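The structure appears right after this line, and notes come after that.
The values are calculated or read from the model by the stated rules, or taken from the named source; none is laboratory data. Model, not experiment: these values are computed from the prediction. Virtual Cβ from ideal backbone geometry, glycine too; neighbours counted across all protein chains shown. For accessibility, only protein heavy atoms count, side chains too; no ligands or nucleic acids. Shrake-Rupley method; radii C 1.70, N 1.55, O 1.52, S 1.80 Å.
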Amino acid sequence: MIVKQLHELVGSQDDIDTQTWNSRRLLLHKDGMGFSMHDTIIKEGTETMIWYKNHLEAVYCIEGEGEIEVIGGKTYPIQAGTLYALDGHEKHYLRATKQMRMICVFNPPLVGREVHDEEGTYPLLETEAAQK
Ligand code: 9YT
């Protein structure tokens, strides 16, 4: 059984901070659950272009306000209690009008150090990790 506390992750190698978001990675590939789970802050006033070509992501907002614009599609408001699941690898913009706190689940699981590349994509590092 795995038990972790958010405060133990803050400032650790599993706490990834970028200009637009801060992802506290609670469960990762190394934990062997088949998915990763993150407690992520989306910084107020930011816009992030995201395209998870290699992953499925589900996101549940527990605090804040913003929106997701599917590129070439609809824009959906986000508030506490909103879930979105990118079952079609939708390329999108994520915007926070008030700092948002999101619980994010990835399949396949992230290895830990992923940040978005210029396309808004995370590399598929799982296979590499499995070989180590
Ligand atoms: C909601 C979203 O995709 N935010 C970007 C960060 C990502 N969820 C992560 O690595 O936690």
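Of all the criteria given as (1) more than 11 Å from the ligand (Cβ to nearest atom); (2) assigned to a loop (DSSP other than H, G, I, E, B); (3) of a type outside the set (D, E, K, R); (4) within 14 Å of the chain's Cα centre (by Cα), the one not satisfied by G34 is (4).
Please verify whether Q13 is outside any strand (DSSP E or B), in contact (Cβ under 8 Å) with a residue 40 or more places away in the chain and either more than 14 Å from the ligand (Cβ to nearest atom) or not aromatic (F, W, Y) (or both), treating the condition exactly as stated. So that I can check it myself, show each step before the final result.
On the way: outside any strand (DSSP E or B): yes; in contact (Cβ under 8 Å) with a residue 40 or more places away in the chain: yes; either more than 14 Å from the ligand (Cβ to nearest atom) or not aromatic (F, W, Y) (or both): yes.
Considered against the rule, which asks whether it is outside any strand (DSSP E or B), in contact (Cβ under 8 Å) with a residue 40 or more places away in the chain and either more than 14 Å from the ligand (Cβ to nearest atom) or not aromatic (F, W, Y) (or both), Q13 comes out as yes.
Condition first: among the small types (G, A, S), more than 10 Å from the ligand (Cβ to nearest atom), touching a strand residue (DSSP E or B) at 6+ places or on another chain (Cβ under 8 Å) and farther than 28 Å from Q5 by Cβ. Can you find one or more residues in the range 83-106 that meet it? No, there is no match, as no residue in the range 83-106 is among the small types (G, A, S), more than 10 Å from the ligand (Cβ to nearest atom), touching a strand residue (DSSP E or B) at 6+ places or on another chain (Cβ under 8 Å) and farther than 28 Å from Q5 by Cβ.
Applying the set (1) open to solvent by less than 50 Å² (accessible area, probe 1.4 Å); (2) away from the ligand (no atom under 13 Å from the Cβ) to G112 leaves exactly one unmet item: (2).
Could you tell me whether any residue of the range 18-26 is near the ligand (Cβ under 9 Å from one of its atoms), assigned to a strand (DSSP E or B), open to solvent by 20 Å² or more (accessible area, probe 1.4 Å) and modelled with pLDDT of 95 or more? The answer is yes; a qualifying residue exists. Of all the listed residues (V111, V59), the sole one being in contact with a helix residue (DSSP H, G or I) (Cβ under 7 Å, 6 or more places away or on another chain) and closer than 18 Å to M33 by Cα is V111.
Scanning the range 27-44 for residues that are surrounded by fewer than 12 Cβ atoms within 10 Å (Cβ to Cβ) and either touching a helix residue (DSSP H, G or I) at 6+ places or on another chain (Cβ under 6 Å) or touching a residue at least 40 places away in the same chain (Cβ under 8 Å) (or both) turns up just one, G34.
Checking each residue in the range 85-109 for being in contact (Cβ under 8 Å) with a residue 40 or more places away in the chain, exposed (fewer than 15 other Cβ atoms within 10 Å of the Cβ) and assigned to a loop (DSSP other than H, G, I, E, B) picks out no residue at all. Scanning the range 58-79 for residues that are open to solvent by less than 20 Å² (accessible area, probe 1.4 Å) and under 16 Å from Y122 (Cβ atoms) turns up at least one hit.
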